[in-house]
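Notes for the one structure printed next.
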Amino acid sequence: MVNDERLAFPEDFTWGTATASFQVEGAAHEDGRGDSIWDVYCRQPGRIADGSNGDVACDQYHRYPEDIALMKQMGVGAYRLSVAWPRIVPQAGGAINQAGLDHYRRVLDMLLENGIKPVVTLYHWDLPQYLQEAGGWANRDTAQRYADYAAVLAKALGDRVQTWTTLNEPWCSAYLGYGDGGHAPGIRDYGQALAAVHHLNLAHGLGAQAIRAELGDRARISVTLNLQVNRADSDDPADLAAKTRADLFANEVWLGPMLAGTYDQRIHDAAEGITDWSFVRDGDLEQIHQPLDVLGINYYSTNHVRGRSGAGSERNPMPAQEMVETLPPQGPLTAMGWNQEPQGLTDLLMEVSGRFPKLDLMITENGSAWEDQVSMDPSFPGGKGVHDPQRVAYLEEHLRAVARAIHEGARMTGYFAWSLLDNFEWALGYTKRFGLIRVDYDTQERIWKDSGLRYAQIIHDRAV
Ligand code: GBH
């Protein structure tokens, strides 16, 4: 067992929880909000496991005072939330919806009054539908529309927000949205997926510049990536080549342009048969490569790969992965079917730190889904609660993994647990629960779980 010292966290470490607009807000047709690609996707039969949608979700649009009070009780110092683009620019033409901005002003004011720092993501997957009708992220113009939207937010909310995150997991937007179709807009076309990769990179760069132009050094600019920890099954050259190929398309397509101003030549070569890369124009990489104040990393599990012998049937969300075989995850698995490998988080943080030693890092999401049950138990606030020992263990083990990375020199500035609340888990609807606090979807009641109480204790102790 590691000694206590190493499991303590720095005094200025940020403890937070995270959510995303479409997953928690509801109020989908209120105050002038337009449709997002997820509203439309949810209406297509068979897309969402339980046939649900985001119309009500956790109703946080109306219940944010209660949720902020819960965070205050938990002792968190920061809340990572996202702004719904279709609330701010609901229709084609670019007119700004004042009611949308007013809503976020009220939320941010209440967070600040309660001593909770907002960390605002500009884009967590809810693209306005009218932009998808013009091609979505496969269309270069979307990056420019995104920059316009970023400028509006910086101007309207810049006095209340210091830390801005341009994009959440562009991996999912590009590959699940356009390569696989399991996320909105439901397109299955590797050529469009690669165009989306580039236009998301461009959006990041243009958006970062728009925020900087408005707020200068007052803004801390970040992006959140779900960097994949790919483990090769053996030292066999085919297995190592499979890992490299997965790394290139999962991680290097973002890290290269955003942090070093370049696409690795191997990415171009590997995707030669899929696209001619004509969407990458002169000057784009300079636009994308903007100073970053902090890199957000979302981490859930690891991915084990080996070289594929012969043509496989499984289709990877990422292009150019025919040589990559993804191995079945080894248990015990979470309710998502994901493996648990806390060491992967330490390894990832050390690898990123080694490559970008001056860059501050934060975990912008980490958490787990389990089959929760409510028990009547007077020891919980409210007289009932959820005993979720697996989520408690996952939380503790992953925080220890972060602490080990800090001890080894990683510049870790904070940790945001996914999620404050159970919420709309995308294509899985309301069937998977990640919350530290349970949501009863019939009554919208918030119910404490052991994990939420344990997190409060960890924050209080600054140690795990
Ligand atoms: C995050 O995505 C999201 O940011 C958040 O909104 C979401 O609720 C949360 O995590 C929990 O799911 O089998 O090839 O598709 C998680 C992103 C990326 C994790 C893909 C699992 C599986 C690879 N995920 N990954 S694949």
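The residue pairs whose first member lies in segment 337-366 and is within 23 Å of residue 121 (Cβ to Cβ) and open to solvent by less than 30 Å² (accessible area, probe 1.4 Å), whose second member is assigned to a helix (DSSP H, G or I) and within 16 Å of the ligand (Cβ to nearest atom), and whose beta carbons are closer than 8 Å, counting only pairs six or more residues apart or on different chains, are 345/398; 363/345; 366/345; 366/398. For the subset of segment 414-434 comprising residues that are surrounded by 21 or more Cβ atoms within 10 Å (Cβ to Cβ) and among the hydroxyl-bearing types (Ser, Thr, Tyr), which member is farthest from residue 357 (Cα to Cα)? Per the stated criteria, the residue is 419. Of the helices (runs of 4 or more DSSP H) lying entirely inside segment 193-295, those carrying at least 3 residues that are farther than 15 Å from residue 323 by Cβ and modelled with pLDDT of 95 or more are 284-288. When the criteria are applied in full, residue 400 fails the requirement of being open to solvent by less than 20 Å² (accessible area, probe 1.4 Å), among the basic types (Lys, Arg) and touching a residue at least 40 places away in the same chain (Cβ under 8 Å).
Here segment 327-336 is the region considered, the condition is being free of Cβ contacts under 8 Å to residues at least 60 places away in the same chain and within 21 Å of residue 172 (Cβ to Cβ), and the residue that is nearest to the ligand (Cβ to nearest atom) is 329. Just wondering, is there one or more residues in segment 370-392 that are hydrophobic (A, V, I, L, M, F, W, C), within 16 Å of the ligand (Cβ to nearest atom) and open to solvent by 10 Å² or more (accessible area, probe 1.4 Å)? Looking through segment 370-392, at least one residue is hydrophobic (A, V, I, L, M, F, W, C), within 16 Å of the ligand (Cβ to nearest atom) and open to solvent by 10 Å² or more (accessible area, probe 1.4 Å).
Would you call residue 406 open to solvent by 10 Å² or more (accessible area, probe 1.4 Å), in contact with a strand residue (DSSP E or B) (Cβ under 9 Å, 6 or more places away or on another chain) and not basic (Lys, Arg)?
Numbers: open to solvent by 10 Å² or more (accessible area, probe 1.4 Å): yes; in contact with a strand residue (DSSP E or B) (Cβ under 9 Å, 6 or more places away or on another chain): yes; not basic (Lys, Arg): yes.
Yes; evaluated as a whole, the condition is true for this residue.
One residue stands out among those in segment 125-171 that are open to solvent by 10 Å² or more (accessible area, probe 1.4 Å) and within 16 Å of the ligand (Cβ to nearest atom): the one that is farthest from residue 228 (Cα to Cα), which is 125.
The set of residues in segment 296-323 that are touching a residue at least 24 places away in the same chain (Cβ under 8 Å), more than 9 Å from the ligand (Cβ to nearest atom) and more than 19 Å from residue 351 (Cβ to Cβ) comprises 306, 307, 308, 309, 315, 319, 320, 321, 323. Filtering segment 274-324 to residues that are open to solvent by 20 Å² or more (accessible area, probe 1.4 Å) and at positive phi leaves 277, 283, 310. Restricting attention to segment 134-190, the residues that are part of a loop (DSSP other than H, G, I, E, B) and farther than 19 Å from residue 258 by Cβ add up to 17. Cβ-Cβ contacts under 7 Å between residues 6 or more apart (or on different chains), taken from a first residue in segment 435-455 that is open to solvent by 20 Å² or more (accessible area, probe 1.4 Å) to a second residue that is at pLDDT below 95 and not in a strand (DSSP E or B), are absent.
Here is a yes/no grid of residues against (1) in a helix (DSSP H, G or I); (2) open to solvent by less than 20 Å² (accessible area, probe 1.4 Å); (3) within 16 Å of the ligand (Cβ to nearest atom); (4) at positive phi:
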| site | (1), (2), (3), (4) |
| --- | --- |
| 26 | no, yes, yes, yes |
| 42 | yes, yes, yes, no |
| 65 | yes, no, no, no |
| 79 | no, yes, yes, no |
| 92 | no, no, no, no |
| 108 | yes, yes, no, no |
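Residue 204 meets each of the listed conditions (1) over 15 Å from residue 258 (Cβ atoms); (2) in contact with a Ser or Thr (Cβ under 6 Å, 6 or more places away or on another chain) apart from (1).
The values are calculated or read from the model by the stated rules, or taken from the named source; none is laboratory data. As the structure is a computational prediction, the values presented were derived from the model and not from experiment. With ideal geometry, Cβ positions are generated from the backbone for all residues, glycine too; neighbour counts draw on all protein chains shown. Remember, those area values only see protein heavy atoms, side chains included, never the ligands or the DNA or RNA. Shrake-Rupley method; radii C 1.70, N 1.55, O 1.52, S 1.80 Å.
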